[in-house]
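Here the structure is laid out as structure tokens; the discussion comes afterwards.
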Amino acid sequence: MKADSNLERMLEKGEFVVTGELGPPQSADPEVIRNKVGILKGSVDAANITDNQTAIVRLSSIAAGVLMQNEGLEPVIQMTCRDRNRLAIQSDILGAASLGMKNLLCLTGDHQTFGNHPFSKNVFDLDSIQLIQMVKGMRDDSQFQSGDELKVPPKMFIGAAANPFGDPFEFRVIRLAKKVAAGADFIQTQGIYDIDRFEKWMEGVRDRGLHEKVYILGGVIPFKSAGAARYIKNKVPGMIVPDELVERMKNASDAKAEGVKIAVETILQLKTIKGVHGVHIMAIEWEEKVAEIAEGAGLLPRPGAI
């Protein structure tokens, strides 16, 4: 499989890649995307575009991807199963591919009750594993899920998410293995704060040989404040934030600078772990710090561009 994706090419070459994340606006303003791309460009190899994140209506991820690509940064389109049935998903995949999108991150999606349309009807016709399998079939077998022939298949580099920190912990690697078996080419993990727990997860990944079957990008979410650290620790399911990091943020004279420092330290640790192929820096609405974090971790300049 060749999706002609810059991200795929860099991973195949053995580069330690850097991806970022961009949240589309709650409006039809294309300048928001162009401005954010201007901030991220040169610091990351590709950038995710979220799909109605937290179940709040935003500019289409596919439309935002076209805007991003036109500005010279490769997009990773996110697609959730919350808002579409399998007909709409396959149609959107064909549309995205026809517009030049080459990377697709497959997600189940946040439940609509987390957003600002809590009484909207969800779909969840598929889950993320079934979505991965369907995209792989479209790409590699030139077939729709119905079995009908697909004459010009979408050549997508298929991504998925993984959370090494959820409970029960022993199922975390098993779930990753299912996504790899379904056809995932790369994985972006939940934000990593507990390195010891992540290393234990990676041991399980290596024991199954999964690190040789899929590219793993470790998630990094910089803290903006001590309050943000406490919130992630206490309120965000499936996240582990050690007390020592909360204390560091609380006692820091410059909390934002400390948050950047912690992110840099995390990346430096991730670079030493066998089987980690890159990092995914999630600095939503704080894109201007991505270059500083990447530089601090010795990841600049980036070696490739579209």
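General observations
- Check on residue 29, modelled with pLDDT under 95 and surrounded by fewer than 19 Cβ atoms within 10 Å (Cβ to Cβ): no
- All conditions but one from (1) crowded, with 19+ Cβ neighbours inside 10 Å; (2) more than 17 Å from residue 175 (Cβ to Cβ); (3) in contact (Cβ under 8 Å) with a residue 60 or more places away in the chain apply to residue 224; the one that does not is (1).
- Only one of the numbered conditions (1) modelled with pLDDT under 95; (2) of a type outside the set (Phe, Trp, Tyr); (3) under 23 Å from residue 184 (Cβ atoms) is not met by residue 64, and that is (1).
- Some residue of the stretch 95-110 being modelled with pLDDT of 95 or more and in contact with a Cys (Cβ under 9 Å, 6 or more places away or on another chain): yes
- Residues in the stretch 265-286 that are modelled with pLDDT under 95 and in contact with a strand residue (DSSP E or B) (Cβ under 9 Å, 6 or more places away or on another chain): 284 alone.
- When the strands (runs of 3 or more DSSP E) confined to the stretch 37-135 are screened for residues that are among the small types (Gly, Ala, Ser) and farther than 18 Å from residue 160 by Cα, none reaches at least 2 such residues.
- Selection status of residue 178, at pLDDT 95 or above, closer than 23 Å to residue 5 by Cα and of a type in the set (D, E, K, R): no
- Candidates 165, 198 - the one that is out of contact with any Cys (no Cβ under 8 Å at 6 or more places or on another chain), assigned to a loop (DSSP other than H, G, I, E, B) and either among the acidic types (Asp, Glu) or crowded, with 16+ Cβ neighbours inside 10 Å (or both): 165
The values are calculated or read from the model by the stated rules, or taken from the named source; none is laboratory data. Here the structure is a predicted model, which means the values were calculated and not measured. Cβ coordinates were reconstructed from backbone atoms using ideal geometry, including for glycine residues, and neighbour counts include every protein chain displayed.
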